Amino acid sequence: MTVKARGPVAILIVAAFVLSLIPSPAGSLSFETVSFLGTVLSWNKYRTKKQASAIKASINKEKKFIRHGDRNIKIVFDPTAYKQGALGFNIKSMKADQKLSFWIFSPRCNITMQVRLFTSKDSFWESAVFKLDYKGWKKFLLSPGNTNYNGVKEKNRKWEKAGHVQLLLEGSACVIYVDELKFLPPYKEPDFRPDLQLQPE
């Protein structure tokens, strides 16, 4: 027999479920959480319908395209739908001295990627334009030192106010994978410096 919760009880059940999906304070974000929050709550945040039409995102469990763990995010970009694709997801606030780290798998795509970290609807930190013309995995580290702030209000310049990450893709049709999205403490010698190794077009 199925018991249907109603009124305040139903609200409490839903609230408990959503709270259970909030990323842990340890700094590493669960891709199940990112997928749920993105798909249901924020996948269309700060992007146009045309940008959304060029992107299909899902959870990948195919091991040969996973760097760590048992799942990651699969992104299918289709420029025939629209020339620029965009997708995003909410993140917990970072500390001022933390960096955003993630890995991208590319099968040597002829596409470019730019990352935006939104602090409000019209304010964001923006990375350089990266070419994903390599084959395999590559690590990206973003910080205030290698991104530029674009915003109408100076109060939104604070790095720790960033609560939404957006990836912008342009170029040929391609399938990429995003893995190991983490916040990192201060570093001295990063594995990969996007601002030094990949130049804006």
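Rule-based calculations on the coordinates, nothing more; no lab input. Keep in mind the model is a prediction, meaning the values are calculated, not measured.
Can you give the log10 of the normalised intensity I(q)/I(0) at q = 0.15, 0.22, 0.23 Å⁻¹, computed with Debye over equal Cα scatterers of region 39-146? Calculated log10 I(q)/I(0) at the listed q: -0.75, -1.63, -1.69.
Distance from the alpha carbon centroid of region 121-177 to that of region 50-86 works out to 16 angstrom.
For region 58-113, relative contact order (Cα pairs under 8 Å, six or more residues apart, normalised by length) works out to 22 percent. Database remark: amide H of Y134 closer than 5 angstrom to the amide H of R108, C109 (H placed geometrically; neighbours at sequence offset of 5 or more, or on other chains; Pro and chain starts carry no H). My understanding is that a pair violates if its Cα-Cα distance is over 31 Å; which of K83/K155; K95/K131; K61/K131 do that in this structure? K83/K155, as the Cα separations exceed 31 Å there.
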